[in-house]
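Note sheet for the following structure.
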Amino acid sequence: MDNKPFECHQCKESLYGQKYTTKEGNPYCVKCFENLFANICEGCKKPIECDSKDLSYKDSHWHEACFKCAKCVCSLVEKPFAAKDEMLLCIDCYSNEYSSKCFNCKASIMPGSRKMDYKGCSWHETCFVCQGCQQPLGNKPFIPKQSSLYCVPCFENQFASRCQSCKKAITTSGISFENQPWHTECFVCTNCKKMLAGEQFTSKDDDPYCIDCYGNLFANKCSACAKPIVGQGGDKYISFEDHHWHPHCFMCSKCSASLVGQQFLQQDDDVLCIECGRDL
């Protein structure tokens, strides 16, 4: 027969007829248990007694009566709450003090609610919609305009410029020519279809041409070298009757002296300086 006395593991006082509790298989009187093991209430800073309900959140503990909102002191027992800087707050107080405000409806975005963020502003998920069709944007691509957001189809229909060539909306960078917008990939030579972005080009009847095509199709031919005179970059050229010359090609047919700004004589298709003309 086990004659071991039934006593408190700490103070050794008899537990017969007394309230007690156990910890790791050892019995303790209420006083010793509370002194040794009871959690300290975050509200009143007193031990939470054995016969009191212990409410815990993130390693902190409260008496049931002390588990209150730090702002309005309403009870948080079995109610949703939020934490801010080690304070517990009811949802209403947290929303009023700290919640983001929806850019659209201006109401608070409640803790735990899904919100959408863009450039420092927040929306309720249901308020994050296209200004045009009012459909939720979610994770779809969108385009901002002033303080509004638009899905791509609505933006293209309402605001985007239309390419002069393909007539489709220009949503990224493009090219302006003759006050008309073009997609970069659509701005090509009318004749050879070479892309003209970043290249020298000229125009004929409002149509763009690369320099080579323009020269071959439309430019006057130099009477000396027979190459096109395209006049690009502001270059000048010399014309006399039905003949045309590049400035560097306008020279005496005999002595090759430059005739730019000089008197000259014409003999058939040749031009001569005055000196060479005297020898005729």
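Here are the numbers:
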read-out: Inter-residue pairs, beta-carbon under 7 Å, first in contact (Cβ under 8 Å) with a residue 24 or more places away in the chain and in segment 11-34, second surrounded by 18 or more Cβ atoms within 10 Å (Cβ to Cβ) and in a helix (DSSP H, G or I), 6+ apart; value: 21/33
read-out: Wholly enclosed strands (runs of 3 or more DSSP E) of segment 30-109 bearing at least 3 residues more than 40 Å from the chain's Cα centre (by Cα), surrounded by 13 or more Cβ atoms within 10 Å (Cβ to Cβ) and not charged (D, E, K, R); value: 60-63
read-out: Test: residue 161 is closer than 30 Å to residue 104 by Cα and surrounded by fewer than 18 Cβ atoms within 10 Å (Cβ to Cβ); value: yes
read-out: Any hit, segment 57-70, residues being in contact (Cβ under 8 Å) with a residue 12 or more places away in the chain, among the small types (Gly, Ala, Ser) and touching a Leu at 6+ places or on another chain (Cβ under 7 Å); value: yes
read-out: Sole residue being outside the structural domain of residue 186 (by TED's automatic domain parsing), touching a helix residue (DSSP H, G or I) at 6+ places or on another chain (Cβ under 6 Å) and surrounded by fewer than 17 Cβ atoms within 10 Å (Cβ to Cβ), chosen from 141, 153; value: 141
read-out: Any hit, segment 178-189, residues being crowded, with 17+ Cβ neighbours inside 10 Å, of a type in the set (Phe, Trp, Tyr), assigned to a strand (DSSP E or B) and not assigned by TED's automatic domain parsing to the domain that holds residue 248; value: yes
read-out: Residue within segment 140-150 that is more than 30 Å from residue 218 (Cα to Cα) and in contact with a Lys or Arg (Cβ under 6 Å, 6 or more places away or on another chain) present; value: no
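The values are calculated or read from the model by the stated rules, or taken from the named source; none is laboratory data. Since the model is a prediction, treat every value here as computed from it, not as a measurement. Cβ: placed from backbone, ideal geometry, glycine included. Neighbour counts: every protein chain shown.
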